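Read the structure below first, then the notes.
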Amino acid sequence: MTAGCSSIDIDVSRSGGSTAGSSPAEPPGTTLPLTQTPEYVASNTPCPRGLTKLGAVPLGEAAPGRSVTLTPFLELAEPTAMVFDSDGSGSGFVGDRRGRIWRFWGGETASDAVGAAARLAAEPAADFSSNTAAEHDQGLVGMTLGPRGRLWINRTDRTGASVLTVLTPTPDDNALEGGPTDMLRLEQPSAQHNGGALVFGPDGLLYVSFGDGGGLGDPRHHGQNVATPLGAVLRFEVDTAQSDATDEWQLSAAGGNPDLGAGSDPRIWAYGARNSFSMSFDSMTGDLWIADVGQQCVEEVTVLGPSEGGANLGWNAWEGSRRFVGPDVSNHRVPDLEYRHGRGLCAVIGGHVYRGSRLDWLTGRYVFTDLCGAGVFAASVNSGLVPDVIWHLGVSTPRPVGIAADADGELYLIDIELGVFRLDG
């Protein structure tokens, strides 16, 4: 493990290195020893001076009289993903790293949920733990509600492959039935940088992100390779043929996806990502916010409008605004928000634009956090896509891995050590 490098490793390390217990493979097309490759050298080079610091202003200074508290919402071991029903009831599903999914029911008070604001089912609604790997960046990593109320999940199975599965709530709403054969299966070269976000956009299409597959500095060159879905955001059309017995779901490359040239993967909507672990749509503007975890120097967030299909986020020619390795790329989409490591900052965790009412003074700000527990932050981006002053909201948890939004736009912090908390005033 190389100190200072980051991935969304929610188990042991934050290294961008090889999977524990195996020898790192030499990158393709080179006879150099691994420690002499440009990717390895760049990943172990001290960060240059002048990189943007987060520079968050305490909330009491930025917005006098305002405050944020974290209200316990769910007590659960190792939560990683969470979705809410669209009816505003505060109910939904929460998944843990091992591949188990529970139903929960909302409510300000619940006699059988000590210290929490929601009631958790006693037994999982679905259990994939016997076929879910949970090392490094693996596990149940993504969850979203799709057409006809079906639950879509993204996890890594026991072989280490990323798998998308559709689940159907039972009529009594207490269990989830397995859907058809896994909708998408992507072999992963390692247990790191698997990505895993999935979300339906305002266009009704399914967006899924995958990381570069691991290794220091992207030694397999996936980020700039448009022939592979690794290091990219994919966009799908979702179709279903209904019958009395079953729903036959189908995924296909969305019409209107960019033409990236001969041999390119038609499912790619954006590429050049290192480990786009989390992404979300702003419900008001339709913009897609992508939080991409950096190597050892820079964390970045990119805001893509609906017309920006084909955007190149730059990895591994660029790590944020830091030039990294290889030839430069003329179409690098510069991130809209970035910050360097240090002072308890190591891996960006997105993130939603706040559209709720409990904290209406936060409306329009992007709320995000960092895996190393430095705090919860809020930033706005003006019409020129330049971030203004970033606020530190004055709250933190030790190991945050996600932020969820309910149907009313309220936000919930998911901490893999402590459970789920609602952001309140």
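The values are calculated or read from the model by the stated rules, or taken from the named source; none is laboratory data. Since we're looking at a predicted model, the values are computed, not measured. Methodologically, a virtual Cβ is constructed for each residue, glycine included, from the backbone with ideal geometry; neighbour enumeration extends over all protein chains shown. These area figures cover heavy atoms from the full protein model, side chains too; ligands, DNA and RNA do not enter into them. Shrake-Rupley method; radii C 1.70, N 1.55, O 1.52, S 1.80 Å.
Brief remarks follow.
- Residue check for Gly223: under 17 Å from the mean Cα position of the chain (by Cα) and either surrounded by fewer than 24 Cβ atoms within 10 Å (Cβ to Cβ) or at pLDDT below 95 (or both): no
- Any hit, region 182-192, residues being part of a strand (DSSP E or B), buried (at least 23 other Cβ atoms within 10 Å of the Cβ) and on the phi < 0 side of the Ramachandran plot: no
- Scanning region 102-119 for residues that are hydrophobic (A, V, I, L, M, F, W, C) and either modelled with pLDDT under 90 or in contact with a Leu (Cβ under 6 Å, 6 or more places away or on another chain) (or both), we see that the one that is most open to solvent (accessible area, probe 1.4 Å) is Val114.
- Hits in region 270-280 - residues which are over 12 Å from the mean Cα position of the chain (by Cα) and open to solvent by 10 Å² or more (accessible area, probe 1.4 Å): Tyr271
- Test: residue in region 374-388 that is in contact with a strand residue (DSSP E or B) (Cβ under 8 Å, 6 or more places away or on another chain), free of Cβ contacts under 8 Å to residues at least 12 places away in the same chain and on the phi < 0 side of the Ramachandran plot: yes
- Restricting region 43-54 to residues that are open to solvent by less than 60 Å² (accessible area, probe 1.4 Å) and not hydroxyl-bearing (Ser, Thr, Tyr), the residue that is nearest to the chain's Cα centre (by Cα) is Leu54.
- Tally of residues being without any contact (Cβ under 8 Å) to a residue 40 or more places away in the chain and in contact with a strand residue (DSSP E or B) (Cβ under 9 Å, 6 or more places away or on another chain) across region 208-224: 1
- Within region 43-93, being among the hydroxyl-bearing types (Ser, Thr, Tyr) and more than 18 Å from Glu410 (Cβ to Cβ) holds for Ser43, Thr45, Thr52, Thr80.
- Filter result for the condition that a residue is surrounded by 17 or more Cβ atoms within 10 Å (Cβ to Cβ), over 17 Å from the mean Cα position of the chain (by Cα) and closer than 30 Å to Thr71 by Cα, over Arg340, Arg322: Arg340
- Matching residues, region 343-369, being among the aromatic types (Phe, Trp, Tyr) and buried (at least 20 other Cβ atoms within 10 Å of the Cβ): Tyr354, Tyr366, Phe368
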